[in-house]
1. Looking only at the range 65-85, count every residue that is under 21 Å from ALA12 (Cα atoms), among the small types (Gly, Ala, Ser) and either away from the ligand (no atom under 15 Å from the Cβ) or crowded, with 19+ Cβ neighbours inside 10 Å (or both) and tell me the total.
2. Considering only the range 45-56, I want to know if a residue exists there that is open to solvent by less than 20 Å² (accessible area, probe 1.4 Å) and not polar (S, T, N, Q).
3. Out of ARG114, ARG88, report the one residue that is open to solvent by less than 70 Å² (accessible area, probe 1.4 Å), at pLDDT 95 or above and closer than 20 Å to ILE30 by Cβ.
4. What residue, of ARG68, ARG92, ARG25, is more than 24 Å from PHE124 (Cβ to Cβ) and of a type in the set (D, E, K, R)?
5. Of (1) more than 18 Å from GLY109 (Cβ to Cβ); (2) open to solvent by 70 Å² or more (accessible area, probe 1.4 Å); (3) in a helix (DSSP H, G or I); (4) not β-branched (Val, Ile, Thr), ARG9 satisfies all except one. Which?
6. Kindly indicate whether any position in the range 37-53 is closer than 19 Å to GLU117 by Cβ and within 16 Å of the ligand (Cβ to nearest atom).
7. So PRO20 fits all but one of (1) within 10 Å of the ligand (Cβ to nearest atom); (2) under 13 Å from the mean Cα position of the chain (by Cα); what number is the exception?
8. Inside the range 98-110, can you point out the residues that are away from the ligand (no atom under 14 Å from the Cβ), at negative phi and surrounded by fewer than 21 Cβ atoms within 10 Å (Cβ to Cβ)?
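The values are calculated or read from the model by the stated rules, or taken from the named source; none is laboratory data. Bear in mind the structure is a predicted one, so any value in this text is a computation, not a measurement. Here the Cβ positions follow ideal geometry from the backbone for every residue, glycine too, while neighbour counts run over all protein chains shown. Only protein heavy atoms, including side chains, enter the accessible area calculation; ligands, DNA and RNA are left aside. Shrake-Rupley method; radii C 1.70, N 1.55, O 1.52, S 1.80 Å.
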Amino acid sequence: MTHRELFERACAARENAYAPYSGFRVGACILTQDGSTFSGCNFENASYGATICAERCAASCAVAAGQRRFMAIAIAGNSAAWPCGICRQVLREFACGPEMPVIVGAAGGEFTVRTLEELLPESFGPEYLLGEAKEPKNSKTNGGK
Ligand code: THU
């Protein structure tokens, strides 16, 4: 699956976006470890805070299908739409690693690729709670305490 193919699936998913309030339509598509893809779109709500972003919609579908290792995500918006903070953290939970590509562009146009770590540096993830966390490299600058 190329970045272009994943991005085209995100563009297709955007067709189902429900965004009557903002008019900002977003589609996302996640590639999982077994080679499957899971698409999502944003869906807004009259109670605005209940809105779900396209990225979390796609992530929900992947997890519900038993997929917990994300290899890449593509996101297509009216214009290039970088994932919001909540979505970055949700992706962090299931990302294959800090190098996971995040592919972002305007639907039907060109895209840009960043790693998840570029979008969410110094992040908190499951290893902190599952006993796999390493000491930060600069922990000595604090007297090691
Ligand atoms: N939106 C997403 O779907 N993903 C993002 O990462 C940013 C924002 C949606 C939510 C809302 O429906 C609309 O864009 C405007 O905020």
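1. 6
2. Yes, the conditions are met somewhere in the range 45-56.
3. Just a single option satisfies the conditions, and that option is ARG88.
4. From the options ARG68, ARG92, ARG25, the qualifying one is ARG25.
5. Going through (1) more than 18 Å from GLY109 (Cβ to Cβ); (2) open to solvent by 70 Å² or more (accessible area, probe 1.4 Å); (3) in a helix (DSSP H, G or I); (4) not β-branched (Val, Ile, Thr) one by one, ARG9 breaks only (1).
6. The first filter runs over the range 37-53 and keeps only residues closer than 19 Å to GLU117 by Cβ, leaving none.
For the range 37-53, residues closer than 19 Å to GLU117 by Cβ and within 16 Å of the ligand (Cβ to nearest atom): absent.
7. (2)
8. Matches in the range 98-110: PRO98, GLU99, PRO101, GLY109, GLU110.
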